[in-house]
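These notes concern the structure reproduced below.
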Amino acid sequence: IPSIKGAIRFWWRALNWQKKCEKKCCDSKSKNCVCTEDLYKREVEIFGGSYTNEKIATKQSEVLFSFDKKPIGGGIAFLSNNPQYLGYGIDEAQGIKAEKNFVLKIQFKVCITDRQIISVKNAMIAWGLFGGLGKRS
């Protein structure tokens with residue numbers, strides 16, 4: 001679940017970085033401004049996290065991820081006798097093999113807004129279209 005949540009957060013950031021900032025964080029010469037503080041604040045409101053300069057130290061996620069049916073993973077072997085791969089370390093990793101199916105269950109808490117739900121759904125669509133999960137994503 002943490003890898004999936006991380007991938008969804010990544011695509012959420014990719015889709016929402018250009019939204020208008022609440023604060024003036026850029027100089028007047030710059031037309032396109034990325035306000036990372038505002039982006040992070042909006043991300044934490046949805047996915048949870050910790051604030052640095054706020055009264056509230058941490059916030060729980062408004063989006064809950066779980067598996068309806070947990071996928072069976074096991075070890076995924078990386079088989080190669082080629083010496084150029086000697087420095088790669090572990091040759092077997094825990095994970096889910098390609099072509100395995102699983103059902104991801106997503107629940108939204110009551111206090112999340114419709115706009116926030118749509119932004120999470122859009123991030124899910126981007127994740128489904130472009131990927132971004134796994135060792136070499």
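Here is a yes/no grid of residues against (1) more than 15 Å from residue 9 (Cα to Cα); (2) modelled with pLDDT under 70; (3) not small (Gly, Ala, Ser):
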| position | (1), (2), (3) |
| --- | --- |
| 27 | yes, yes, yes |
| 36 | no, no, yes |
| 41 | no, no, yes |
| 77 | yes, yes, no |
| 83 | yes, no, yes |
| 92 | yes, yes, yes |
| 95 | yes, yes, no |
| 99 | yes, yes, yes |
| 124 | no, no, yes |
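The single condition from (1) part of a loop (DSSP other than H, G, I, E, B); (2) at pLDDT 65 or above that residue 135 fails is (2).
The C-beta contact set for region 4-33 (first residue within 17 Å of residue 115 (Cβ to Cβ), second residue of a type outside the set (A, V, I, L, M) and modelled with pLDDT under 85, distance under 7 angstrom, 6+ apart or interchain) comprises 11/132; 21/33; 21/35; 21/38; 22/38.
The values are calculated or read from the model by the stated rules, or taken from the named source; none is laboratory data. In this text the structure is predicted, and so the values were computed from the model without any measurement. All Cβ positions, even for glycine, are placed from backbone atoms using ideal geometry, and neighbour counts span all protein chains on display.
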